[in-house]
Each structure stands twice: as C-alpha cells, then as structure tokens.
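Peer 1: Before I ask anything, let me first share the structure, which is written out below as structure tokens.
The values are calculated or read from the model by the stated rules, or taken from the named source; none is laboratory data. Given the structure is predicted, the values throughout are model-derived calculations rather than measurements. Neighbour counts run over all protein chains shown; Cβ positions are idealised from the backbone, glycine included. Calculation scope for accessible area: heavy atoms of the full protein, side chains included, ligands and nucleic acids excluded. Shrake-Rupley method; radii C 1.70, N 1.55, O 1.52, S 1.80 Å.
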Amino acid sequence: MLKRLLITALIAVSGTVNASPALDLFNQATYYIASRYNGFSTAPLEALSAQFRPQLDAACATQLETCPYSAAVPVVQQMLEVISDGHSYLLLAAQRDEVQRQRSGLGASSPRLGIATREIAQGSDRLIADVWEDSPAAAAGLRRGDRLVSVNGQLSASLGQDFQPSIAKAVSSGSSVRLGVQRAGIVLEVAVRGAVLPARLPSFKTLSPGGVGYIRIPSFDVILKVAATVHELVARANRMGLTRLVIDVRDNPGGVDFEVLASAGAFVQRTGFTQEYRDNKRTQVVQNGTVTLANGSIIYATPKPALFRGQIAVLVNRQSYSGAEYLAQFVQDADVGVIVGEATGGLGNTGSTEFNLPDGSALVLTIFKSQRLDGSYLPTRVTPDELVPDELEVQSVTGRDV
C-alpha cells in the first residue's frame, strides 16, 4: 500500500501523463504532423511534440490516466498555429459529420436559412456574403450585400457578440425569424423560417444585358456531383448560344481535387497539376472532362462533358480558397478568360487530407505541394487581371454588386 502511494505521489509531482485518452490523441496528432506534413511551413515539426508535451501534462495534472481527449484539443490547435498553414487544422467530430454529409450530398443535419455572413470591422451587424439558391433566405428575398441589423426586434448593438448565435438559435428552434435588413439605405423586416437544406450545387442564370451567362460554384465538396453539374450548366449555356460567361467562385472554400479538375475541363481544353508528396509525385490531367493520371488511369470521367469556347470572366475574392484558386489559376494560365476581383485567400499551391484521431475528429493536414505540368510551382494565391475590391459594405449601401 505504501509503495503504491509513493508511486502515485511521484507521478503527481512530475506532472507527467502516462497513458490517457488525451495523450493518445496528442501522440497521433504529433506523429502525423512529423511524418506526413508536406507544405511550405518552416516550423520545426519533429520538435513540436517535445515543445507542447509540458502543456498537455499541465492540463492533465489532476487526471493523469483518465485525462479526456478534450484536454488535448487546445494543445493540438496551438501546434497547428505554430505550423501556420491554412490547409492544416483540426476538424472536430461534430464538424466532421457535417462535412461528410455535405460531401455525400445530404446537406446540413439541422435547419438553415441558407445564408453565409461576414463580420463588419466596426459594430456587431453582419453582412450577407452569400445566399443559397432555392433556400428560405432566397425565397424571402434576402440578397448578397444585405446588412443584418436586428433579430426578432432586437438590434444587433444590444445583442453584441450574441447576434450571430441568436440567429442560429432562433432558426434551430423551427420558429419563424424576423430579420431587420438594411439595403441601399432602406431598412426592411423579413420573416423567414429555416429548413433542412440539401447539399448546395452549382447554379445558373442569365444576366442583363442578354448574352451573358452566370454560373455560381459555391464549393467543390459534393463528390460526383459538382463537376457533372458544371458541365451540364455549360452545355445549357452552349445550347442558348451564349458567348459570354461569368464563373463566380467568391467565398468558395475549395473541395475535392478531381471535382476541381473536372470542373476546370468545362472551360480549359487541357490542364492539370502535379501533387508533390514527401516521397513521390502524382500528376493529374483533365481533357474532355476526364481526369487521368500520368499512366492513363482514369480517376473520374464526367458523364456528359461540355466545353465553353466564348469569353469567360472568373470572379474571386479574398475568401476564395484552395480549389477555387486552382480553377481560377488554370483559366488564367491557359489564357482563356479574365480573372476579376481580389487576390485570393492563399491556399492555391498545396493540398490536404484528413487523418483520423481517436475521438472521432480529424487532423486535416497539408500533404502535397502543387506544380504546374511544366514543373513550376503554382503561386500561393491568384492575382486577378482586373483588381476590384469585393466591398460588401459598399454593396449594402448602393444595392449594387461591384
């Protein structure tokens, strides 16, 4: 008995975690970072385990072998901050479930209005950055650039940091939500009720004046659906005899690589890139809607490929990331269209994958650098041919998308 107490006391004094759920998660994360990361970060990857282990020990000092997974989460997140790579982050279990639903085409698991919002630098109002097609928000007449100023009669200033959460809470309750909206100097009140929405796919409409088509690609994350839809919409534009096409990938976070490439094949006759891993390279090429490896193996074949041969403008902003940057860069490199907007987010030259962690979460980690087919590295971000700031605050005042 005395021996057991002495051992317990020594462990408590040293503060060192032996075996625990938290240590299991920490060890797996540091192993993946040290052995699989292959981005442009100059952080000392192999030293991160020793650097951050004392923080884990301190967090688990009173729990030791029973220390839960959750204690390791902030420690791993701090490690990822040191790596400072936007393609590398921790995807918590609940978030991962939502991502997997999106990729499978199921959409969100709870009611949504169908909007994405941005903070305003000064104040607690929110600006609508995107509106889902065929969503409750769209049906209620909400638009990109609208300024949200109240929820159920309460002004954003009175809600402060709870403004956005209060919208989410009201929507999840299933009741109708009254949103105060400022648009072009006029304040409107819009009543809208959330709904469980399917995964969002690319959409099409025509713009005024005639002869201009508009394709919105919100993400490349719905597997076996995005590229096929893009080609269907391009085929529609071709049948309509349109000669000009706007491709909008603003606020597009990216997605699956073959979906990006196959989508690019609707605008560029032949393009591709090489993924440079730690120990090998993998080249993917798209032509006639079919994505192949260097050895000719087919990764994905678009069911009904189409190619637009008219004038193309690709809209990007600082919220265009990863796959959106790749598509814009492919168009720019091939000189088949003009890129309009802001310099993109800065993930246009790497790619990532998910590694399972024992609590059901995933470590999303950069595992390859991206090269053009000529061997040169793709740039970190896309520089538009025509620089136009995506000023949502201006749009909220003028009502016009700059």
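Peer 1: Relative to the longest principal axis of the C-alpha atoms of the chain, give the angle of the C-alpha long axis of helix 48-59, reported between 0 and 90° and rounded to the nearest 10°.
Peer 2: Here the helix axis deviates by roughly 70 degrees.
Peer 1: Taking springs between alpha-carbon atoms closer than 10 angstrom, which of Thr292, Thr62, Thr353 fluctuates most in the Gaussian network model of the chain?
Peer 2: Thr62
Peer 1: Let me have the relative contact order for region 311-402, percent, based on Cα pairs under 8 Å that are six or more residues apart. Let's see the in-between values first.
Peer 2: Numbers: 163 pairs, mean separation 26.7, N = 92.
Here the relative contact order equals 29 percent.
Peer 1: On to the next question. What residue among Arg381, Arg244, Arg200 has the largest mean-square fluctuation in a Gaussian network model of the chain, using Cα springs under 10 Å?
Peer 2: Arg244
Peer 1: Taking the Cα centroid of region 250-314 and of region 142-193, what is the distance between the two, rounded to the nearest whole Å?
Peer 2: Centre-to-centre (Cα) distance: 40 Å.
Peer 1: Work out the length of the dipole vector of the chain about its Cα centre, built from +1 on the beta-carbon of each Lys and Arg and -1 on the beta-carbon of each Asp and Glu, and round it to the nearest 20 debye.
Peer 2: Working: 36 positive and 37 negative charges, 166 e Å.
Computed about the Cα centre, the dipole is about 800 debye.
Peer 1: Report, in debye and to the nearest 20, how large the dipole of region 94-188 comes out about its Cα centre when Lys and Arg carry +1 and Asp and Glu carry -1 on their Cβ.
Peer 2: Working: 12 positive and 9 negative charges, 8 e Å.
It works out to roughly 40 debye.
Peer 1: Count the lysine pairs in the chain that are 8 or more places apart or on different chains: how many have C-alpha atoms under 25 angstrom apart?
Peer 2: 4
Peer 1: Would you kindly state how much longer the chain becomes between Arg309 and Glu133 on full extension, computed as 0.36 nm times their sequence separation minus their alpha carbon distance, in nm to one decimal?
Peer 2: On the way: separation 176, 0.36 × 176 = 63.36 nm, distance 2.64 nm.
Here the answer is 60.7 nm.
Peer 1: Would you kindly calculate the translational diffusion coefficient of region 167-299, applying Stokes-Einstein with the Kirkwood radius from alpha carbon pairs, for 10 °C and a viscosity of 1.306 mPa s, and quote it in µm² s⁻¹ without decimals? Could the numbers behind the result be given before it?
Peer 2: Numbers: Rh = 17.8 Å.
Using the Kirkwood radius from Cα pairs, D works out to 89 µm²/s.
Peer 1: By how many nm would the segment from Asp401 to Gln55 grow when fully extended, if each residue of separation counts as 0.36 nm and the alpha-carbon distance is taken off? Could you put the intermediate results ahead of the total?
Peer 2: Numbers: separation 346, 0.36 × 346 = 124.56 nm, distance 4.77 nm.
Full-extension gain reported as 119.8 nm.
Peer 1: Return one number: the angle in degrees, 0 to 90 and rounded to the nearest 10, between the long axis of the Cα atoms of helix 226-239 and the longest principal axis of the Cα atoms of the chain.
Peer 2: Result, in degrees: 10.
Peer 1: Of the labelled options (i) 24.0, 88; (ii) 21.7, 66; (iii) 20.4, 67, which one gives Rg and Dmax of the Cα atoms in Å as computed for this structure?
Peer 2: So the calculated entry is the one marked (i).
Peer 1: Working from Cα positions, state the angle (0 to 90°, nearest 10) between the long axis of helix 93-104 and the longest principal axis of the chain.
Peer 2: Between helix and principal axis, roughly 30 degrees.
Peer 1: Hey, any idea what % of region 312-386's accessible area is carbon plus sulfur with a 1.4 Å probe?
Peer 2: Values: 1100 of 2460 Å².
Its accessible area is 45 percent carbon and sulfur atoms.
Peer 1: Quick check on packing: order 213-225, 41-53, 250-262 by the mean number of other C-beta atoms within 10 Å, highest mean leading.
Peer 2: Details: 213-225: 22.2, 41-53: 14.7, 250-262: 23.9.
Sorting 213-225, 41-53, 250-262 by mean packing, highest first, produces 250-262, 213-225, 41-53.
Peer 1: I'd like to check one number: the per residue accessible area of the chain, probe 1.4 Å, reported in Å² as a whole number.
Peer 2: Details: 18790 Å² over 402 residues.
With the other protein chains kept in place, the chain gives 47 Å² per residue.
Peer 1: Then there is this: Could you tell me the calculated FRET efficiency between Ser297 and Thr243, based on Cβ-Cβ distance and R0 = 41 angstrom, to the nearest 0.05? Intermediate values should be presented prior to the final figure.
Peer 2: Numbers: r = 36 Å, r/R0 = 0.88.
The pair Ser297/Thr243 has a calculated efficiency of 0.70.
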